[in-house]
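One structure is given below, encoded as structure tokens.
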Amino acid sequence: MKTAIFGGAFNPVHNEHINMVKSAAAGLGLDRVIVIPTFISPHKSGCLSARAKDRLEMCRLAFNGIAEVSDYEVKRGGISYSYVTCRHFKKLYEDDELYFILGADSLKGFDEWRYPEEILKCVTLAVCARAGSDSLAPLLKSFTAKYKRDIVTFDYLGKNVSSTRVRALAALGGDITGLTPPAVKSYIIKNGLYKLPEIDGYKKYLTAERLDHTLRVAVTAAENCRRARVFEMDALIAAALHDCAKYLGENSPELAEFKCPPDVPKPVIHQYSGAYLAENTFKIKDDGVLNAIRYHTSGRENMSDIEKLIYLSDMLEEGREFSGADKLRRAFKRDINEGMLRALEHQIKYLRSAGKAVYPLTERAYEFLKLTGVKNGQ
């Protein structure tokens, strides 16, 4: 028999996981696919996570009638290493042709997995492309040169759906329709998975248009958390509340004791009132989160990682369309400091070309990054 195993956090499982399994089964002529949720993933620290039993149940709902779902790693406990799992299933199905399904993005980091050679003694890697990934050809060439093993591929191009996107939207009460199977969506909502009680009621402070923007900021921030070395929960709270005071008047009860710093341009005031609202109405006490809100429009000297992340996510979320946006996104993807420098430079040039004053904090933020030697972007 031809058997494939498909492991992952599935935090949560989404439609592209299902489509990937279907394509692998059809393209490789598989007799069965076994889906194996991790107990603890070795490379997923710092993100919001549903309990293992919830991720297992969501996989059962999602793959019902499509693939088997194994509780092997969940029952085993501890950190889930693929080499251990592959050994187990190789022993269990010793007469089968055994494959291990993964995407091109996972293949890129295969060298960093625990004991990759042990994995390859047990299975043949079965790889598909993923939207936004580089061509498979150079990855396959590099892999075969290093490991002297062939990889099988199947004809499938993944869409821009990720568990991170689903988590971010679920955390902020956004719509995840079309990203997960209906049964999984219902399970997430019914059980309050990924919900952040710290931001309960935040939507009432936003217009429909501003809420859409806020959700996109949250997705962008979550998708860049690991590169920015920021905990996902902190990034999502800051993203949810970054514009929470944008439409509050100065006579609003929530801002009764708010004191704005002097000489702040009108478009910048909401960052200060937003931090005040976050601290006093939403009871956020984390200084990093509060400062990310407090300086998300202006920036400042010596910004923390979360401050840079929220500034860039606000400016470069996928709904923003302005000349140079894609170039700035590429700089952000290469390096967060380079992205920050280029974004500040762009903002200053825009304000000056429009005949508007540049807030001193923004100028100082830009000069600070220049002095610290951030490399030029291409």
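The convex hull defined by the C-alpha atoms of the stretch 104-182 has an orientation-averaged projected area of 6.8 nm². Sorting Met233, Met20 by solvent-accessible area of protein heavy atoms yields Met233, Met20, largest first, with a 1.4 Å probe. Please say if the stretch 1-47 is rounded, prolate or oblate, where rounded means a/c under 1.5 for a ≥ b ≥ c the square roots of the C-alpha gyration tensor eigenvalues, and otherwise the choice is prolate for a/b larger than b/c and oblate otherwise? Prolate shape, in that a/c is at least 1.5 and a/b is the bigger ratio.
Per-residue Karplus couplings for the stretch 281-287, computed as 6.51 cos²θ - 1.76 cosθ + 1.60 with θ equal to phi - 60°, are listed in order as 9, 8, 6, 6, 10, 6, 4 Hz, Gly and Pro entered as x.
In terms of its alpha-carbon gyration tensor, the stretch 189-323 comes out rounded; the largest-to-smallest axis ratio a/c stays below the 1.5 threshold.
Farthest toward the positive end of the dipole of the chain, out of Gly29, Ser323, Tyr72, is the Cα of Gly29, where the dipole comes from beta carbon charges about the Cα centre. Rolled with a 1.4 Å probe across the full set of protein chains, the surface gives Ile189 an accessible area near 110 Å². Summed over all non-identical Cα pairs, the Kirkwood treatment of the stretch 8-90 gives a radius of 13.2 Å.
All Cα-Cα distances of the stretch 243-378, cut into 5 Å bins from zero to the largest, leave 2, 10, 19, 22, 20, 14, 9, 4, 1, 0 percent in each bin in turn. For a quick check: with amide H placed at 1.01 Å from N, whose amide H comes under 5 Å from Gly7's, ignoring anything fewer than 5 positions away on the same chain? Distant-sequence amide H within range of Gly7: Ile36, Ile101. Cα extents for the chain along the principal axes, largest to smallest and rounded to whole angstrom: 75, 46, 32. Beyond 24 Å, what share of the Cα-Cα pairs of the stretch 95-241 is found? Please give it as a whole percent. In whole percent, the share of Cα-Cα pairs in the stretch 95-241 beyond 24 Å is 49.
Applying the Karplus relation 6.51 cos²θ - 1.76 cosθ + 1.60 with θ = phi - 60° to the stretch 260-266 yields 3J(HN,Hα) values of 7, x, x, 6, 9, x, 3 Hz, where x marks Gly and Pro.
3J(HN,Hα) couplings calculated from phi for the stretch 139-147 with the Karplus curve 6.51 cos²θ - 1.76 cosθ + 1.60 (θ = phi - 60°) are, in sequence order, 5, 5, 4, 5, 5, 5, 5, 7, 9 Hz; Gly and Pro show x.
Listed by chain and number, the aspartates and glutamates whose C-alpha is less than 19 Å from the C-alpha of Lys349, apart from same-chain residues fewer than 8 away, are Glu301, Asp314, Glu321, Asp326, Glu338, Glu363, Glu367. For the chain, the relative contact order works out to 13 percent when only alpha carbon pairs closer than 8 Å and six or more residues apart are counted. Lacking any other cysteine beta-carbon closer than 4.7 Å, the following Cys residues of the chain have no compatible partner: Cys47, Cys59, Cys128, Cys225, Cys244, Cys260.
By its C-alpha gyration tensor, with a ≥ b ≥ c as the square roots of the eigenvalues, how is the stretch 236-275 shaped: rounded for a/c under 1.5, else prolate for a/b larger than b/c, else oblate? In terms of gyration-tensor shape, oblate. Counting lysine pairs in the stretch 1-159 whose alpha carbons fall under 15 angstrom apart, excluding pairs fewer than 8 residues apart on the same chain, gives 11. Our summary gives the stretch 1-99 a relative contact order of 38 percent, counting only alpha carbon pairs under 8 angstrom and 6 or more residues apart. The order of Leu277, Leu179 by accessible area, most exposed first and with a 1.4 Å probe, is Leu179, Leu277.
Once the Kirkwood radius over Cα pairs is known for the stretch 266-342, the Stokes-Einstein relation at 25 °C and 0.890 mPa s delivers a diffusion coefficient of 188 µm²/s. Under a model in which nothing but the beta-carbon of Lys, Arg (+1) and Asp, Glu (-1) is charged, the chain shows a dipole of about 400 debye around its Cα centre. Taking amide hydrogens as placed 1.01 Å from N in the peptide plane, the amide H of Glu317 sits under 5 Å from that of no residue at least 5 positions away in sequence or on another chain.
Each Cα pair under 8 Å and six or more residues apart adds its sequence gap; the mean of these over the residue count of the stretch 127-218 is a relative contact order of 25 percent.
The values are calculated or read from the model by the stated rules, or taken from the named source; none is laboratory data. Being a predicted model, the structure only gives us computed values, none of them experimental. No Cβ is skipped: glycine too gets one built from the backbone with ideal geometry, and neighbour counts run over all protein chains shown. Please note that ligands, DNA and RNA were not included when accessible areas were found on the heavy atoms of the full protein model with its side chains. Shrake-Rupley method; radii C 1.70, N 1.55, O 1.52, S 1.80 Å.
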